[in-house]
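Working notes, beginning with the structure itself.
Taken together, the values in this text are just the output of simple stated rules run on the coordinates, not laboratory data. Note that the coordinates shown come from a computational prediction; the quantities given were computed from them, not determined experimentally. Here the Cβ positions follow ideal geometry from the backbone for every residue, glycine too, while neighbour counts run over all protein chains shown.
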Amino acid sequence: MTERETPPLPPTRPATDDRAPARSRERLPASLLGGAVACVWYALPDYVTSPRDRALVKTVLLVPAGLYGAWLGRDVRATAAGAGELADDAERAGPADAPGTPSRDTPLLRLPPPAQVALGLGALVVLATGTVAAERGTYRFGEQLARGGVSRPHTRIGLALGALTVLTDLAGERASRAGAT
C-alpha cells in the first residue's frame, strides 16, 4: 500500500444476514395469527348476531394479538439497538452525509410545531374515517351476498381477507429483507 492509498474501511454491515431465515421463521406465526384474526374479525357476523357481542369478541381477539405483537416488537427493538452503531456513525458523519436522514430543509420539518401537530391529527382523522368506511363497506357487501342467497357470506369474505393479510405481510417481510441486503 502506498502513502496515498487509504486503508479500506471495515464493513458496517455483513454482506449476508445469517439471521434472515430465522426472522422469516419467527415472522410466519405472526403472519398466520394476523390472518386468523382478520378472518375471524370479518366472519363474526355469520356467527354472532348482536353488534354488542361482536364488539366484545373483537376486543377479546385484539388484546392477545396486540400483546403478541408487542412481544415480537422486543426483537425489533433489540435489532434496532444493535444497529445503533450505524446510527452513531451516521450522526458523526453529519445529516448531509447520512442517507435517508431528513434535514431541516425537508418541507414538513420547516412547518412550525403546531402545524405539524395539526397535520398529524388531520392524517389520523382521514385514516380513521377511511378505516370505518372500509369496515362498513365490507359488512354491507357481506349482507348483500347474504340477500343473494350466499351461505356464510361474511365467512367467505373473512377467509379471503385473512389470506390476503398473510400474503401481504409475508411479501412485505420479504421485500424488507431484500432491501436490507
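Show me 110-116, 43-49 ranked by packing, highest mean number of other Cβ atoms within 10 Å first. Please report the intermediate quantities before stating the final value.
Values: 110-116: 10.0, 43-49: 16.6.
Top of the packing list down: 43-49, 110-116.
As an exercise, use a Förster radius of 35 Å and the Cβ-Cβ distance of Val40 and Val117 to find the FRET efficiency, rounded to the nearest 0.05.
Numbers: r = 36 Å, r/R0 = 1.03.
The calculated FRET efficiency here is 0.45.
Between Arg174 and Ala70, with labels modelled 7 Å along Cα→Cβ, what's the label distance in nm to one decimal, could you check?
Rounded to a tenth, the inter-label distance reads 3.2 nm.
Kindly write out, for segment 144-149 in residue order, the coupling ³J(HN,Hα) from the Karplus curve 6.51 cos²θ - 1.76 cosθ + 1.60 (θ = phi - 60°), rounded to whole Hz, with x marking Gly and Pro.
5, 4, 4, 5, x, x
Residue-wise, which Karplus ³J(HN,Hα) couplings in Hz belong to segment 47-61, taking 6.51 cos²θ - 1.76 cosθ + 1.60, θ = phi - 60°, and x for glycine or proline?
Running phi through 6.51 cos²θ - 1.76 cosθ + 1.60 with θ = phi - 60° gives 10, 10, 7, 7, x, 5, 5, 4, 4, 5, 5, 5, 5, 4, 5 Hz.
Which of the peptides 128-136, 53-61 is most tightly packed, and how do the rest follow, judged by the mean count of other Cβ atoms within 10 Å per residue? The partial results should precede the final answer.
Working: 128-136: 10.2, 53-61: 13.0.
Ranking, from highest mean packing down: 53-61, 128-136.
How large is ³J(HN,Hα) for each residue in segment 124-132, as worked out from phi by the Karplus curve 6.51 cos²θ - 1.76 cosθ + 1.60 (θ = phi - 60°), to whole Hz, x for Gly and Pro?
So the J values, rounded to whole Hz, are 4, 5, 5, 5, 5, 5, x, 5, 4.
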